[in-house]
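Quick notes on the structure that follows.
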Amino acid sequence: MTRLHRFGRDESGAAAVEFAIVSLIFVIFCMALIDFGRNIDAQSRLAHAADAAARVVFLDKAATEAQVTARIEAGFPALRYDRMTLRLTDITLGAKPYRQITVTLPLRFLTPGFSGRNGMSTVQRIVPAS
């Protein structure tokens with residue numbers, strides 16, 4: 001019984017176990033912060049692309065989706081537009097024609113527990129068509 005009694009009172013590995021538990025939580029928290037920052041950056045790039053598309057559509061009323069996309073990719077290579085999708089829609093508000101620009105970007109999470117819950121970020125702009 002003395003060996004079992006000594007084993008039960010031994011505290012030599014307690015700090016290592018506590019560190020393992022706390023460090024796991026800390027690493028997951030840091031990954032969540034990195035995910036949050038990445039997605040805020042992606043949202044900012046998405047808004048910038050929508051603003052650039054709105055400017056192109058405002059200056060060229062007959063621009064197509066392909067032309068707007070090509071101009072944004074050529075003018076702003078740092079936006080990494082390859083993952084974004086752009087859609088132009090003709091709408092009417094108060095008997096006046098407008099063009100709605102919708103830019104979407106898939107969001108990817110790296111944090112454990114959220115990695116399977118990917119989403120979509122969308123930004124819309126409305127530009128007068130006349």
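The values are calculated or read from the model by the stated rules, or taken from the named source; none is laboratory data. Predicted, not measured: the structure shown is a model, and the values here were computed from it. Because the Cβ atoms are built from the backbone with ideal geometry, glycine has one as well, and the counts that use them run over all protein chains shown.
General remarks:
- Among the conditions (1) of a type outside the set (D, E, K, R); (2) in contact with an Asp or Glu (Cβ under 9 Å, 6 or more places away or on another chain); (3) over 30 Å from residue 24 (Cα atoms), the only one that residue 110 does not satisfy is (3).
- Checking residue 40 against (1) in contact with a Ser or Thr (Cβ under 7 Å, 6 or more places away or on another chain); (2) outside any strand (DSSP E or B), the condition it does not meet: (1)
- Test: residue in the stretch 66-73 that is among the acidic types (Asp, Glu), over 17 Å from residue 121 (Cβ atoms) and part of a loop (DSSP other than H, G, I, E, B): no
- Looking only at the stretch 39-69, residues that are touching a residue at least 24 places away in the same chain (Cβ under 8 Å) and more than 19 Å from residue 91 (Cβ to Cβ) come to 9 in all.
- All positions within the stretch 56-95 that are at pLDDT 90 or above and under 21 Å from residue 41 (Cα atoms): 86
- All positions within the stretch 119-129 that are out of contact with any Ser or Thr (no Cβ under 8 Å at 6 or more places or on another chain), outside any loop (DSSP other than H, G, I, E, B) and farther than 28 Å from residue 30 by Cβ: 125, 126, 127, 128
- Some residue of the stretch 5-14 being among the charged types (D, E, K, R) and modelled with pLDDT of 80 or more: no
- Checking residue 11 against (1) in a helix (DSSP H, G or I); (2) farther than 29 Å from residue 119 by Cα; (3) among the acidic types (Asp, Glu), the condition it does not meet: (1)
- Within the stretch 94-118, residues that are outside any strand (DSSP E or B) have Cβ atoms under 7 Å from residues that are modelled with pLDDT of 85 or more and surrounded by 17 or more Cβ atoms within 10 Å (Cβ to Cβ) in these pairs: 109/35; 110/31; 110/35; 111/31; 111/35, counting only partners at least 6 apart in sequence or on another chain.
- Residue count for the stretch 54-65, restricted to those that are in contact with a Gly (Cβ under 9 Å, 6 or more places away or on another chain) and farther than 18 Å from residue 124 by Cα: 0
To keep it simple, each residue is scored yes or no on (1) basic (Lys, Arg); (2) farther than 24 Å from residue 128 by Cα; (3) surrounded by fewer than 12 Cβ atoms within 10 Å (Cβ to Cβ).
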position	(1), (2), (3)
51	no, no, no
56	no, no, no
71	yes, no, no
83	yes, yes, no
93	no, no, yes
